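*Asks:* Take this structure, written in structure tokens, and hold onto it; I'll ask about it next.
The values are calculated or read from the model by the stated rules, or taken from the named source; none is laboratory data. Not measured: the values here are computed from a predicted model. Glycine gets a Cβ as well: all are built from the backbone with ideal geometry, and neighbour counts include every protein chain shown. In case anyone asks, the SASA skips ligands and DNA or RNA and just uses the protein heavy atoms, side chains included. Shrake-Rupley method; radii C 1.70, N 1.55, O 1.52, S 1.80 Å.
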Amino acid sequence: MSRPTVSQLRAFLALAEHLHFRDAAAALRMSQPALSGSVAALEESLDTRLVERTTRKVLLTPAGERVARRAENVLAELDRLVEEVRAVRGPLVGPLRVGVIPTVAPYLLPVILPRLAREFPALELSVHEEQTDHIVAELMAGRLDVVLLALPAPAQGVTELPLYDEDFVLVTPASFDLKGEDVPRDALNELDVILLNEGHCLRDQALDVCREVGARAPSATYATSLATLVQLVSGGLGVTLVPETALPVETRRAPNLALHRFADPAPFRRIGLGYRSTSPRAAEFEALAEGVRAAIAELGTGTPGIRPA
């Protein structure tokens, strides 16, 4: 019996997780025939059937269930070995896989990436933009090293490094007459607040603000991105809450808008880094957080809606 390879174990573990060849191949960013070949090669090397192929999905055999459990432990230890070697080599050297939520990525990455490139020239950064639940699951599975998200993280075993707080700003059609410079939160009671689709943490944060004052959020109008959300407001379909860092980008693209800041204490969200609490790269992630905080400090100069956390 020959020994399984790491690539064979990774392919089989992805298949065991998704129970579908196409989905497993997509998760590993490889072709479906390549993944099928790796699983078949693993079965051949172990001389046993690991999966039962049906017309619609894949089922694990008893042997497959045992191999999946063992493969998860083996790959976790291999990843840990690599992380320990990187930690000894020096801070932020080599590959770093970062997950970022969509309501942060387009506004923060252009600010922080040039700075990180200057401070850590040996860093090989790859960025994956997905919603919170997905990047946290990828983090805990070892497929991401660190994530940039709104805190708190929705999982146990994630160490959080707060970076900055940013206020929510009320964005309305220009025709809306809201008296005063600082809008009280209960003004939302008289407005139709439109939100992002389910799955976006920003949706949940906006709902929390609405619930605090008993405001309504109609179920008929949702958007898949902040850009679409602001365009809907520009078209007169309601109002919305936009985080401070997104304002310069999104409001520039939409006419007929008015921006209203809330009276203190303004609703806000906290953005931070998250990494596995078991990772040996904690010192590296602290250095990464310091670099991000420095970039944010420059961005927030003169903007009261952005503050160090």
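*Asks:* Note down the Stokes-Einstein diffusion coefficient of segment 108-198 in µm²/s, whole number, using a Kirkwood radius over alpha carbon pairs, 20 °C, and 1.002 mPa s.
*Replies:* In µm²/s, the coefficient rounds to 125.
*Asks:* Measure off, as a whole percent, the carbon and sulfur share of the 1.4 Å-probe accessible area of the chain, all protein chains present.
*Replies:* Using a 1.4 Å probe with all protein chains present, the chain comes out at 52 percent carbon and sulfur.
*Asks:* Relative to the longest principal axis of the chain, what angle (0 to 90°, nearest 10) does the C-alpha long axis of helix 32-46 take?
*Replies:* 40
*Asks:* Toward the positive end of the charge dipole of segment 1-57, about the Cα centre and with charges on Cβ (Lys, Arg +1; Asp, Glu -1), which of A41, A11, A24 goes farthest?
*Replies:* Working it through, the farthest residue towards the positive pole turns out to be A24.
*Asks:* Using the heavy atoms of the protein chains alone and a 1.4 angstrom probe, what is the accessible area of the chain per residue in square angstrom?
*Replies:* Each residue of the chain exposes 50 Å² on average to a 1.4 Å probe.
*Asks:* I've got another one for you. Could you work out how far the C-alpha centroid of segment 271-309 sits from that of segment 118-134, in angstrom?
*Replies:* 13
*Asks:* Now, a different point. Sorted from largest down, give the three principal axis spans of the alpha carbons of segment 57-159, whole angstrom values.
*Replies:* Principal extents (largest minus smallest coordinate, Cα): 51, 33, 25 Å.
*Asks:* Sequence gap at least 6, Cα distance under 8 Å: using those rules, report the relative contact order of segment 1-153 to the nearest whole percent.
*Replies:* Once normalised by length, the contact order is 19 percent.
*Asks:* Modelled label-to-label distance, L78 and D192, 7 Å Cα→beta-carbon offset: nm?
*Replies:* So the two model labels end up 5.5 nm from each other.
*Asks:* Return the Rg/Rh ratio of segment 1-70 with Cα-based radii and a Kirkwood Rh.
*Replies:* 0.92
*Asks:* So if I average 1/r over every pair of distinct C-alpha atoms in segment 262-309 and take the inverse, what Kirkwood radius in Å does that give?
*Replies:* Evaluated on segment 262-309, it is 12.7 Å.
*Asks:* Over the chain, what is the relative contact order in percent, taking alpha-carbon pairs closer than 8 angstrom and at least six residues apart?
*Replies:* In percent, rounded to a whole number, it is 21.
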